[in-house]
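Report on the structure given below.
All of the numbers you see were taken from the coordinates with simple rules; none came from a lab. Note that the structure is predicted; figures quoted are calculated from it, not measured. Positions of Cβ are generated from backbone atoms using ideal geometry, with glycine treated the same way; all protein chains shown enter the neighbour counts.
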Amino acid sequence: MKQNETHISSYSSLATVLAILLLMTTFSVLVTGWHLGPFTVAAALLIACIKAATVIINFMHMKFESLFLKILVSGVFLLFALVIVITFIDYLLR
Amino acid sequence: MSGQIIHTEHTDSETGKLGMWIFLFTELFLFGGLFLVYAVFRAKYSAEFHTAAAELNAFIGTLNTVFLLVSSMTVAMSLTAIQTNKPKLALFLVTVTILLAALFMMNKYFEWSHKFEYKLYPGSEVMRNLPHGEILFFGLYYMMTGLHAVHVLVGMVLLSVNVFKIKSGKVSSSHFLLLENSALYWHLVDLIWIFIFPLLYLIT
């Protein structure tokens, strides 16, 4: 176990992550202006999910956490997605 | 990304961080409920949601997204600074984060007061005369951005506590759990906004 070891993120890597996030924000603003119909929502949400994953993995240091925390966090996010999707499908099919 | 490994003395930081994550999960489901309500009503009143969402200022929304993304980086950098024993730099970066949060709140203030000028707030005469779907959209808009703004304020308080603790040396290169957990909380505030921004401001 590497419990007492702490990974330190470098300033340059954090700045790179910010640049990527800002690029994705620009892209999502552009995409929603393209009038893709129902795909606009899907595209905007897909970009939001990628941005969220980028924040969790890099800014929240998930990349360097213990396997236990990695499994726990992925599991809860999966449960969260399932709750949202299943409840929404339940509503649509009523 | 080449990172160095440093050894810190034994504290309960792993447990402390785990506790913070469990708290963040409850926050996730709190906002998740609102996202679900939004999805259901959007499916039911798509035309009215379209009209109402077009009234929101996408520029302010984008600007606030930039503020929060940059502040997420500065708070992450402040953790790097404290871990590498540079308390002054950490202090500076936490202060910048608080200032960016204040800019976000200022924007929110102007955005909301602009709507209040048009008497567009829950319970007002103007809002009651809107079509049902638009009432629901604006209700959700105030609820989601309002609850998020409360989280921004709590984050500002937490980060301010860190400013004092870094100054007094209670948060240092060997004890930085408070800053680490506050940073995690701040990133959650950013995460929630990453979803609120496209759902309310971009998709019209």
Chain A: DSSP helices with Cα axial extent of at least 27 Å and average Kyte-Doolittle hydropathy no lower than 0.0
A:11-32, A:67-92
Exceeding 27 Å between C-alpha atoms, which entries from my cross-link table qualify? They are B:K17/B:K170; A:K51/B:K167; B:K17/B:K165; A:K51/B:K17.
A:K51/B:K167
FRET E, pair A:Y91, A:H7, Förster distance 51 Å, beta-carbon r, rounded to 0.05
0.75
Sequence order, region B:157-167: Karplus ³J(HN,Hα) from phi using 6.51 cos²θ - 1.76 cosθ + 1.60, θ = phi - 60°, Hz rounded, Gly and Pro as x, gives 5, 4, 5, 5, 4, 4, 4, 5, 5, 5, 4
Which of rounded, prolate or oblate describes the protein assembly as shown when judged by the alpha-carbon gyration tensor and an a/c cut-off of 1.5?
prolate
Can you grab the distance from the C-alpha centre of region B:96-148 to the C-alpha centre of region B:21-78, Å, no decimals?
13
Averaged over peptide B:66-79, how many Cβ atoms belonging to another chain are found within 10 Å of each residue's Cβ?
5
Using only Cα atoms, find the angle between the long axis of helix B:13-44 and the longest principal axis of chain B, and express it within 0 to 90 degrees, rounded to the nearest 10.
10
Counting sequence-distant residues (5 or more places) and residues on other chains, those with an amide H built under 5 Å from that of A:T6 are B:I6, B:T8
As a test of the formula, what do you get for chain A when each DSSP H run with n ≥ 4 contributes -39,500 (n - 2.57) and the sum is divided by the residue count, at 222 nm and rounded to the nearest 500 deg cm²/dmol?
-24000 deg cm²/dmol
Row for region A:10-60, column shape: gyration tensor on C-alpha, a ≥ b ≥ c, rounded if a/c < 1.5 i.e. under 1.5, prolate if a/b over b/c, else oblate; value oblate
Mean shadow area of chain B, taken as a quarter of the surface of its Cα convex hull (nm²)
12.6
Which value in nm describes the separation of the simple spin-label points at B:K170 and B:V126, placed 7 Å from the Cα toward the beta carbon?
4.6
Pull out a ≥ b ≥ c, the square roots of the eigenvalues of the alpha-carbon gyration tensor of region B:31-110, then state rounded if a/c is under 1.5, prolate if not and a/b is larger than b/c, and oblate in the remaining case.
prolate
Per residue of B:142-155, count partner chain C-beta atoms within 10 Å of its C-beta, then hand back the mean as an integer.
0
Rg and Dmax [Cα atoms of region B:103-180; Å; Rg one decimal, Dmax integer]
18.9, 59
Rounded to the nearest 500 deg cm²/dmol, what is the calculated helix-only ellipticity per residue at 222 nm for chain B, with -39500 (n - 2.57) per DSSP H run of length n ≥ 4?
-27000 deg cm²/dmol
Which of B:I60, B:I166 has the fewest other C-beta atoms within 10 Å, and how do the rest follow up to the most?
B:I60, B:I166
